[in-house]
Amino acid sequence: MRRVIDKTKPDEFPPNVQAIFKRAAPCSAWLNQELLEVDVEEGWVKIGYDLGEPHFNRFGALHGGAIACLMDDVLAVAAGFIAKWGEIAPTLEMKVSYLSQGAAGRHVAEARVIKRGRTINFLEATLATAAGKVIATSTATIMISPLKRPDSGNKL
């Protein structure tokens, strides 16, 4: 069931949604992520992003890498909905198609799980301006796996 996000009632949402409220990923914060609607059972999410100069290329348009980052962000949220607590959903592969140049302002991304497997899942996403003009689409393959904490004694 799709639900509009009410941040004043975080306890009404499952733990994976509550975790987003409690601690935004630094990259998600850089993109000014705002959860708008979710359907945890279906693995669907709608997220608003306020984008501006930090996300531009040298020509004043949205940088393709920032758009790819945003697409990975929205896909990761949808993928996380189908993972159990204690599991993660790392991206194995992602493709981004750039359809139109993006500019500063509010953008809305939607992502959904289109095929569920035991451990491998397929997702798709769109990114549009607040006016509804689609500027990018994306597909991804993700894998559900147990969360493993990095060994703090290992040095890369």
Test: residue in the stretch 21-33 that is crowded, with 20+ Cβ neighbours inside 10 Å, part of a strand (DSSP E or B) and hydroxyl-bearing (Ser, Thr, Tyr): no
Matching residues, the stretch 45-83, being of a type in the set (Phe, Trp, Tyr) and under 21 Å from Ala103 (Cβ atoms): Tyr49, Phe56, Phe59
Residues that are closer than 23 Å to Asp50 by Cβ, under 15 Å from the mean Cα position of the chain (by Cα) and of a type in the set (A, V, I, L, M), drawn from the stretch 102-122: Val108, Ala109, Ala111
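Residue-by-condition table, conditions (1) outside any helix (DSSP H, G or I); (2) in contact with an Asp or Glu (Cβ under 9 Å, 6 or more places away or on another chain); (3) surrounded by fewer than 17 Cβ atoms within 10 Å (Cβ to Cβ):
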site: Asp73; (1), (2), (3): no, no, no
site: Leu92; (1), (2), (3): yes, no, yes
site: Val108; (1), (2), (3): yes, no, no
site: Arg112; (1), (2), (3): yes, yes, no
site: Gly117; (1), (2), (3): yes, no, yes
Any hit, the stretch 44-62, residues being surrounded by fewer than 17 Cβ atoms within 10 Å (Cβ to Cβ), farther than 21 Å from Cys27 by Cα and out of contact with any Cys (no Cβ under 8 Å at 6 or more places or on another chain): yes
Qualifying residue in the stretch 38-61 (condition: more than 26 Å from Asp6 (Cα to Cα), assigned to a helix (DSSP H, G or I) and of a type outside the set (D, E, K, R)): yes
Evaluation of Glu37 against (1) in contact with a Lys or Arg (Cβ under 7 Å, 6 or more places away or on another chain); (2) surrounded by 16 or more Cβ atoms within 10 Å (Cβ to Cβ) (one fails), failing number: (2)
Of all residues in the stretch 1-17 being surrounded by 13 or more Cβ atoms within 10 Å (Cβ to Cβ) and not hydrophobic (A, V, I, L, M, F, W, C), the one that is modelled with the lowest pLDDT: Asn16
Test result for Ile67, over 24 Å from Ile5 (Cα atoms), surrounded by 14 or more Cβ atoms within 10 Å (Cβ to Cβ) and within 17 Å of the chain's Cα centre (by Cα): no
Count - residues of the stretch 6-53 that are among the β-branched types (Val, Ile, Thr) and more than 15 Å from the chain's Cα centre (by Cα): 1
Residue tally, condition small (Gly, Ala, Ser) and modelled with pLDDT of 95 or more, over the stretch 57-77: 4
Qualifying residue in the stretch 49-56 (condition: hydroxyl-bearing (Ser, Thr, Tyr) and modelled with pLDDT of 95 or more): yes
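The values are calculated or read from the model by the stated rules, or taken from the named source; none is laboratory data. Remember, it's a predicted structure, so these values are computed and weren't measured experimentally. Cβ atoms come from the backbone with ideal geometry, glycine included; neighbour counts cover every protein chain shown.
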